[in-house]
Amino acid sequence: MTLLVTVFAAVVCTILWYKNAPESEMKLGVLCLMYWGASLMWFVDAIFEYAELKEEYFTPAPADMLNDLFLGLSVVALGLIIWLIVLIVKDPKGVVKSALLKKSN
Amino acid sequence: MACFLVSAAEALVATVVTKVVEKKEKKQQEVGEVHIETKTEEPVTKVPFSRKLKWLRDMLWGGSALLAFEHIWHGEVVPWFPFLTAAGDPTEAAEMLHEMATVGVTMAVVVTLAWLGMLGVAAALEKRAQKDAVTES
């Protein structure tokens, strides 16, 4: 479930990135790469888990699924927070800089 | 248990390499700017290698960070020494190292292979752009 949620987040981000490309003012590429990196890693984890559990892997307990869903959503939220920090620190549009300068003037 | 550490280590190496390559490219660019008058104007059809390295760096750091969060969620990483719960017990530590050597290394390899695929696509697009530039001129 965590893998599924992250893959969906990666796909949505990639669509948004493609829509706005070649402009990268919102640094969406960073968010895409972050989610794709995590998706690939969880995919590998899933393969190893499948090799261990076999068909049981596809029939998780409802409580485990709910926990994994919460985890997936939390992971997406954390990814968004990291992206927001990168965006504010890099400030490609100069919004933060101009806002700070405006205040100090 | 701690599979994300392998990718995090590769991310660290990728970050250092990116910085070094970026510095080299900047130096080359400065030299190019000095001799700009003697050079003919060429269309930009190549993505700098430092930018390509940033794709790998972002995938590795992003993936490692999100996986680290998953490990915190499951109580495998704690904010006190030795930070990894499995490291406290020799049997669990051996299991952790085995997981790092199998799952962790595979994760890093798969991300790197995906990046190599991206490099292949980028190279093909660069070639096409160069061909278009030649036919246009």
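The values are calculated or read from the model by the stated rules, or taken from the named source; none is laboratory data. None of these values were measured; they are calculated from a predicted model. As a convention, Cβ positions derive from the backbone with ideal geometry for all residues, glycine included, and neighbour counts pool all protein chains shown. We work out accessible area using only protein heavy atoms, side chains counted, and drop any ligands, DNA or RNA first. Shrake-Rupley method; radii C 1.70, N 1.55, O 1.52, S 1.80 Å.
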query: Applying the selection to region B:12-64, what residues are under 18 Å from B:V109 (Cβ atoms), open to solvent by 60 Å² or more (accessible area, probe 1.4 Å) and either within 14 Å of chain A (Cβ to nearest Cβ) or modelled with pLDDT under 95 (or both)?
result: B:W61
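I'd like the full set of residues that are free of Cβ contacts under 8 Å to residues at least 40 places away in the same chain and open to solvent by less than 50 Å² (accessible area, probe 1.4 Å), limited to region B:71-81. Quick ask: steps written out before the conclusion?
The initial filter retains those residues of region B:71-81 that are free of Cβ contacts under 8 Å to residues at least 40 places away in the same chain, namely B:72-75, B:78-81.
B:G75, B:V78 - these are the residues of region B:71-81 that are free of Cβ contacts under 8 Å to residues at least 40 places away in the same chain and open to solvent by less than 50 Å² (accessible area, probe 1.4 Å).
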- request: Sort through B:A101, B:A129, B:A122 and tell me the only one that's open to solvent by 60 Å² or more (accessible area, probe 1.4 Å), within 14 Å of chain A (Cβ to nearest Cβ) and more than 29 Å from A:L73 (Cβ to Cβ).
  value: B:A101
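Each row is one residue, and each column tells you yes or no for (1) part of a helix (DSSP H, G or I); (2) farther than 26 Å from B:F69 by Cα; (3) within 14 Å of another protein chain (Cβ to nearest Cβ).
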| residue | (1), (2), (3) |
| --- | --- |
| A:E55 | yes, yes, no |
| A:P60 | no, no, no |
| A:L66 | yes, no, yes |
| A:L71 | yes, no, yes |
| A:S74 | yes, no, yes |
| A:L80 | yes, no, yes |
| A:I88 | yes, no, no |
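Do we find that A:F48 is of a type in the set (A, V, I, L, M, F, W, C) and open to solvent by 80 Å² or more (accessible area, probe 1.4 Å) in this structure? If you could, list the steps in order and put the result at the bottom.
Values: of a type in the set (A, V, I, L, M, F, W, C): yes; open to solvent by 80 Å² or more (accessible area, probe 1.4 Å): no.
No; evaluated as a whole, the condition is false for this residue.
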- request: Can you confirm whether region A:5-21 contains a residue that is free of Cβ contacts under 8 Å to residues at least 12 places away in the same chain, assigned to a helix (DSSP H, G or I) and of a type in the set (D, E, K, R)?
  value: yes
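Before we move on, is A:L33 at pLDDT below 95 and closer than 19 Å to A:F8 by Cβ? If you could, list the steps in order and put the result at the bottom.
Working: at pLDDT below 95: no; closer than 19 Å to A:F8 by Cβ: yes.
No: the conditions fail for A:L33.
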